[in-house]
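One structure is given below, encoded as structure tokens.
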Amino acid sequence: MRRTKIIATLGPAIDQPGVLEKMLAAGVDVVRLNLSHGDRLEHLKRAEQVRRISRKIGREVGIMADLPGAKIRITGFENGKVEVVAGDSFILDPDIDKEQGDETGVGINFSELASDIASGDILLLDDGRILFEVERTAGKKIYCQVREGGTLSARKGLNRLGGGLSMPPVGNRMAEAMELCLEVDADFVAVSFPASGKDMDLARRELAKLGFTGPLVAKIERSDALDSLDEIMMAADCIMVARGDLGVEIGDARLPEIQKRIIKQARTLNRVVITATQMMESMIHSPMPTRAEVFDVANAVIDGTDAVMLSAESAVGHYPVKTVERMVDICVEAEKQRKARVSRHRLETFFTDIEETLAMSVMYAANHLHVKAIGALTESGKTAKLMSRISSGVPIYGLSRNRKTLRKMTMYRGVYPLFFDIMQADNRHQHREASCFLSGLNGVCSGDFIITSCGDPPGKKGGTNSMKIVRI
């Protein structure tokens with residue numbers, strides 16, 4: 001059974017009949033709605049399709065709404081795109097009309113950018129494919145020389161080598177996007193470009209005003225976020241290693257070490273972690289991934305990431321279903337490695353939380369007793385998440401009567417959410433009822449050991465306080 005979860009971004013590629021159902025059936029656990037692109041009706045339609053198809057195939061599928069970040073971008077070109085040539089001059093000017101850029105200059109969406117720029121700065125556009133060197137500024141105009149040229153099209157992102165550029169969130173657009181999170185019934189909301197824990201706290205407060213109280217994903221995509229990593233992690237529920245803008249700012253050569261550090265740190269702090277950006281990029285146009293991409297996905301799995309994410313590959317690619325299938329194959333093979341199944345996580349830690357103590361006890365017993373399955377009865381999903389921080393080959397079944405909780409668990413590595421209403425059972429027989437339920441699952445046979453965990457009284461959040469080892 002595959003433990004690592006797969007997130008797929010939705011876009012025009014899934015609008016063909018049958019494509020979304022095939023993707024979900026192939027193994028997508030969470031879908032991403034990128035609110036920076038598309039309109040409200042498109043996102044509402046796709047969210048409704050996800051809910052309908054997940055009911056049809058009998059699998060819980062989470063929805064992650066990704067808020068548009070305050071990202072600095074160029075505007076548009078009169079002819080759609082231009083060729084910029086090394087050595088040529090180019091002007092970035094917020095006063096150029098939005099669709100009137102040409103080979104000599106283009107507009108930008110942040111009128112105060114010139115005040116943050118100095119002569120000699122290197123500006124990177126289109127994920128670093130095009131480089132400008134700043135020669136001087138005059139008012140709001142930035143005069144540059146092209147260092148690395150190429151084809152430049154509308155609305156490409158702009159970064160400075162080394163980071164440090166930022167713009168305030170766009171008020172009306174952000175408010176509309178937050179409201180849309182509620183309309184699509186999002187299970188997770190991703191926050192772009194947080195530089196501190198305060199940014200995550202602000203997003204949580206604004207979403208709570210609208211009625212959203214679910215998990216927040218902090219996208220680590222700025223170099224200055226690395227200086228506040230623990231603070232951001234503690235203010236978030238999930239962490240995304242967003243390697244696009246982050247790689248542009250810190251340099252691609254530093255990304256592998258940073259990615260490994262973030263994954264390890266997130267698991268230590270009991271946070272869910274997602275690895276994203278260009279994981280299967282070649283499959284936008286090719287039916288097969290490159291070997292480098294295979295290694296990339298496999299290494300993230302072996303390092304302990306909870307989820308791997310597809311962006312353009314599934315949103316606009318030619319082979320969205322095949323991409324999911326290939327990613328499933330890579331995850332399954334990588335999880336066979338001993339490092340992906342053995343953990344010394346928190347073995348020398350003294351716990352103050354009863355739930356965490358019990359979750360660690362369950363996982364220690366499961367890993368040392370050849371247990372076939374674990375059944376975690378949970379109201380909030382917390383116990384299942386804590387168990388999932390321990391590397392193991394034992395499936396953790398998150399048993400809950402709460403659909404929101406079930407969808408929250410779609411992001412946890414090694415956790416398989418299943419609907420189970422413990423309130424219909426006798427309070428004295430929770431373990432027995434859960435054991436009977438697990439004994440009906442594929443792979444659990446007579447003579448197998450299983451472990452169940454639950455709380456007393458049942459139905460209370462944060463009340464998990466008992467475990468039981470049972471032989472079927």
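Computed quantities for the displayed model
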item	result
Sequence of Y416, Y319 once ranked by neighbouring C-beta atoms within 10 Å, starting from the fewest	Y319, Y416
For S192, distant residues with modelled amide H under 5 Å away	L67
Estimated inter-spin distance, K461 and K56, nm [label 7 Å along Cα→Cβ]	3.4 nm
Farthest toward positive dipole pole in the chain [+1 Lys/Arg, -1 Asp/Glu at C-beta], among I396, T151, P94	I396
Interchain or long-range residues, amide H under 5 Å from S380's placed H	G462
Least to most buried among M283, M200 (fewest other Cβ within 10 Å first)	M200, M283
Amide H contacts under 5 Å for I63, placed H, 5+ residues apart	V31, D187, F188
Helical mean residue ellipticity (222 nm; -39500 (n - 2.57) per DSSP H run of 4+; nearest 500) of the chain	-9500 deg cm²/dmol
Square roots of five times the Cα gyration tensor eigenvalues for the chain, Å	44, 22, 21
Cα-based shape type of the range 354-471, given that a ≥ b ≥ c are square roots of the gyration tensor eigenvalues and the cut on a/c is 1.5	rounded
Cross-link pairs beyond the 25 Å C-alpha cut-off, checked among K56/K408; K5/K404; K260/K460	K260/K460
Alpha-carbon centroid distance for the pair the range 391-448 / the range 152-213, whole angstrom	35 Å
Pair H368, E148: separation of 7 Å Cα→Cβ label points (nm)	5.2 nm
Solvent-free Debye scattering, log10 I(q)/I(0), computed from the Cα coordinates of the range 81-160 at q = 0.20, 0.21 Å⁻¹	-0.81, -0.91
From phi via Karplus (6.51, -1.76, 1.60), per-residue ³J(HN,Hα) for the range 45-53 in Hz, x at Gly/Pro	5, 5, 5, 4, 4, 4, 4, 5, 5
Length gained when the stretch H37-H318 is fully extended (0.36 nm per residue, less Cα-Cα span)	99.3 nm
Taking C181, C436 and counting other C-beta atoms within 10 Å, the order from fewest to most	C436, C181
V332-M288 pseudo-label distance in nm [points 7 Å out on the Cα-to-Cβ vector]	1.9 nm
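Read-outs throughout are calculated quantities, based only on the coordinates presented, and are distinct from any laboratory measurement. Given the structure is predicted, the values throughout are model-derived calculations rather than measurements. All Cβ positions, glycine included, derive from the backbone under ideal geometry; neighbour counts span all protein chains shown.
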